[in-house]
Amino acid sequence: GVTQFGNKYIQQTKPLTLEQPLYEKDSSVAARFQRMREEFDKIGMRMTVEGVLIVHEHRLPHVLLLQLGTTFFKLPGGELNRGEDEVEGLKCLMTEILGRQDGVLQDWVIDGCIGSWWRPNFEPPQYPYIPRATGCWGGRRRNLGAHSPRASGGQRRRRILAW
């Protein structure tokens, strides 16, 4: 739950950086929603999971975000494959995005669901509840609390992380 998750944090002493920049699959928001419409018949409702990591910097908690470009920030995570378990899928996505580069496996602990967001009709707005009047569901985004029991400040990173 949120109470348990609130007591867990990563002690961080310097900014985290990642080697390669992070890019979105689509060139624009309109292109993303067009791709979602085209893939809906094949994969159904799109399921997205994101990890909420709390970083403790200067005795203050911060939510860790990935920076894409100069003006866009997002939580680490991504789209699940059809039938993929949320917890295992998030662990794989976070290892891919934030995992160590020296071959040592990262052991992520997923604490539980913090929130769910629903997207009706392949449109940008998302709601923290299921809207009643809708034609079809474009997707569901679930935020899960996550932490690493062995956070190491010396890990090499691929992208700049900002908070």
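The values are calculated or read from the model by the stated rules, or taken from the named source; none is laboratory data. The shown structure was predicted, so the numbers you read here are calculated from the model rather than taken from an experiment. Backbone-built Cβ (ideal geometry, glycine too); neighbour counts: all protein chains shown.
Can Val52 be described as at pLDDT 80 or above, under 25 Å from Ser148 (Cβ atoms) and among the β-branched types (Val, Ile, Thr)?
It is true that Val52 is at pLDDT 80 or above, under 25 Å from Ser148 (Cβ atoms) and among the β-branched types (Val, Ile, Thr).
Would you pick out the residues in the range 27-48 that are in a helix (DSSP H, G or I) and touching a residue at least 12 places away in the same chain (Cβ under 8 Å)?
Those that are in a helix (DSSP H, G or I) and touching a residue at least 12 places away in the same chain (Cβ under 8 Å): Val29, Phe33, Met36, Arg37, Phe40, Ile43.
Checked against (1) surrounded by 13 or more Cβ atoms within 10 Å (Cβ to Cβ); (2) modelled with pLDDT of 80 or more; (3) in contact with a helix residue (DSSP H, G or I) (Cβ under 7 Å, 6 or more places away or on another chain), Arg82 meets all criteria but (1). Screening Leu64 on (1) surrounded by fewer than 19 Cβ atoms within 10 Å (Cβ to Cβ); (2) aliphatic (A, V, I, L, M); (3) touching a residue at least 40 places away in the same chain (Cβ under 8 Å) shows it passes everything except condition (1).
Across the range 95-135, the number of residues qualifying as among the basic types (Lys, Arg) and not in a strand (DSSP E or B) comes to 2. For residues that are in contact with a Gly (Cβ under 7 Å, 6 or more places away or on another chain), part of a strand (DSSP E or B) and aliphatic (A, V, I, L, M), tally how many sit in the range 52-85. Qualifying residue count, the range 52-85: 1.
Restricting the range 1-34 to residues that are surrounded by 14 or more Cβ atoms within 10 Å (Cβ to Cβ) and charged (D, E, K, R), which is modelled with the lowest pLDDT? Selected residue: Lys8.
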